[in-house]
Amino acid sequence: MIKKNDVVRYIKKNDFRSVVLEESLKILADKGRVRLTKGMRYDKFAVPATIDLTSDKIFRDATKKSVRLSETKPVNKRIIKPLYLFLDREILLYARLKKLRFKVSKEKKNKTAKFLDELEEKHPEVKQAIVNGIMGLED
């Protein structure tokens, strides 16, 4: 996903996903693996997409018969999704345990996201299965 000495760009926001993404990237930067920038010259662009966001997008696209595999991959040329395999609740727990500062906001969820959340309560692997299923179609 990221090579040594890559210049990684990200957008600084105050939501929990973005704060955890920034924290993760700073850990890599502190170890000398990558350089971070908010400027226009970069090798990779990191986005705070999680499995919740990805599975929702895949499910909505599948019901529209317009699945775009390129938008669901964890790495797409220069766009990377380091938080790709984590659930929102895991990311939120990490942010709270690390006492990261983020803005708490009530997210409006669409019907599909609500449906997937309800399904995930009874079948905890469903979001991972959706993402794995779409990845299997690429082979």
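Read-outs throughout are calculated quantities, based only on the coordinates presented, and are distinct from any laboratory measurement. Everything quoted here is computed from the prediction, not taken from an experiment. Positions of Cβ are backbone-derived with ideal geometry, glycine not excepted, and every protein chain shown enters the neighbour counts.
Mean residue ellipticity at 222 nm from the helices of the chain, using -39,500 (n - 2.57) per DSSP H segment of n ≥ 4 over the full residue count, to the nearest 500 deg cm²/dmol?
Computed mean residue ellipticity for the chain: -14500 deg cm²/dmol.
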What is the distance, in nm, between label points placed 7 Å from the Cα along the Cα-to-Cβ direction at Asn5 and at Glu118?
5.4 nm
Counting other C-beta atoms within 10 Å, which of Ser105, Ser24 has the fewest, and how do the rest follow?
Ser105, Ser24
Structure shown: which of Lys4/Lys122; Lys3/Lys114; Lys81/Lys108; Lys13/Lys114; Lys13/Lys57 lie over 30 Å apart, alpha-carbon to alpha-carbon?
Lys4/Lys122; Lys3/Lys114
Under 5 Å, built H, 5+ apart or other chain: amide partners of Ile79
Phe45
List the relative contact order of the stretch 6-138 as a percent without decimals, with contacts defined as Cα pairs under 8 Å and 6+ residues apart.
31 percent
Descending Cα extents along the principal axes, the chain, whole Å:
41, 36, 22
How would Glu107, Glu23 line up from fewest to most surrounding beta-carbon atoms within 10 angstrom?
Glu107, Glu23
